[in-house]
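Chemist: Pasting in a structure now, in structure tokens, and then I'll have a few things to ask.
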Amino acid sequence: MTNPYLAQHLPDVLPGNPMHWAKAWLDEAARQGVQRNPNSMTLVTIDAGGQPAARVVLCKDFVADPGYLVFYTNYESRKARELGSNPRVAVTFHWDALGRQIRIEGMAVFSPVAESDAYFASRNRGSQLGAWGSDQSAPIASRGALLRQLRERALDLGLNVSEDVQSIESIDGPVIPRPAHWGGVRVWASAVELWIEGGDRIHDRGRWQRTLERQNEHEFIVDEWQGIRLQP
Ligand SMILES: Cc1cc2nc3c(=O)[nH]c(=O)nc-3n(C[C@H](O)[C@H](O)[C@H](O)COP(=O)(O)O)c2cc1C
């Protein structure tokens with residue numbers, strides 16, 4: 001049976017919830033293995049002076065209802081500092097091979113600690129050590145200095161690593177705890193655009209909006225989505 005969310009056009013009566021479509025597109029990109037990181041997305045944050053900055057991060061969870069996605073990062077990185085002063089973000093996914101783009105705008109909040117703990121525990125030990133070893137976005141004199149820092153921090157954690165820190169994957173020893181400065185960020189969607197590539201640049205575009213009302217540290221009360229079709 002064909003999946004209605006993977007149709008070549010948006011239906012005339014636009015779907016009530018675009019996040020179900022967005023999730024289906026993300027799942028399909030992963031299923032087809034269209035690129036090495038099908039869950040990669042460009043994340044835009046804005047600094048206190050209004051300067052936007054974009055970078056790629058990986059979407060590690062996509063929760064269609066009530067409608068947010070999750071990425072993981074260093075809470076002292078440039079992006080996280082910018083989110084501290086302005087939680088408004090924009091995200092785009094693009095799968096060239098599928099002719100699909102998703103644009104999401106919304107509000108970022110830090111994930112609950114238990115969720116970050118669970119995800120960190122599921123990562124391989126090399127990635128876990130990486131979260132301790134790098135002060136993301138801070139300057140460092142050389143790659144050699146970075147590797148020395150990584151090795152020193154590994155030793156502080158009681159881990160055995162080779163002199164050149166090349167064998168991080170095979171490190172053994174005690175459980176590596178999640179650093180307090182590393183965890184998840186939830187992006188709650190207040191606007192979504194679904195874009196399907198069409199012939200002769202006659203693409204299909206639908207844009208949905210809704211209001212978000214802050215409920216607590218991690219959650220929003222969400223309104224119904226309102227969709228409109230846009231010209232390409
Ligand atoms: C394919 C790809 C995936 C990435 N995934 C992440 C990620 O999930 N989290 C992250 O913090 N950085 C990730 N990065 C690195 C970021 O693009 C960026 O260099 C880093 O987060 C520092 O950004 P900032 O200084 O603006 O905070 C990824 C980069 C690429 C190219």
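Chemist: Looking only at residues in the stretch 23-39 that are among the charged types (D, E, K, R) and touching a residue at least 40 places away in the same chain (Cβ under 8 Å), which one is surrounded by the most Cβ atoms within 10 Å (Cβ to Cβ)?
Modeler: Of the residues in the stretch 23-39, the ones among the charged types (D, E, K, R) are 23, 27-28, 31, 36.
From what's left, touching a residue at least 40 places away in the same chain (Cβ under 8 Å): 23, 28.
Details: K23: 19, E28: 17.
Per the stated criteria, the residue is K23.
Chemist: What residue, among those in the stretch 78-100 that are out of contact with any Phe, Trp or Tyr (no Cβ under 9 Å at 6 or more places or on another chain) and crowded, with 19+ Cβ neighbours inside 10 Å, is nearest to G133 (Cα to Cα)?
Modeler: K79
Chemist: Separate question: With the requirement that a residue be closer than 24 Å to G130 by Cα and either touching a residue at least 24 places away in the same chain (Cβ under 8 Å) or surrounded by fewer than 14 Cβ atoms within 10 Å (Cβ to Cβ) (or both), what does the stretch 40-57 give you?
Modeler: Within the stretch 40-57, S40, M41, T42, L43, V44, T45, A53, A54, R55, V56 meet the criteria.
Since every read-out is calculated from the coordinates, none of them should be taken as a lab result. As the structure is a computational prediction, the values presented were derived from the model and not from experiment. Reconstructed Cβ throughout: ideal geometry from the backbone, glycine too, with neighbour counts over all protein chains shown.
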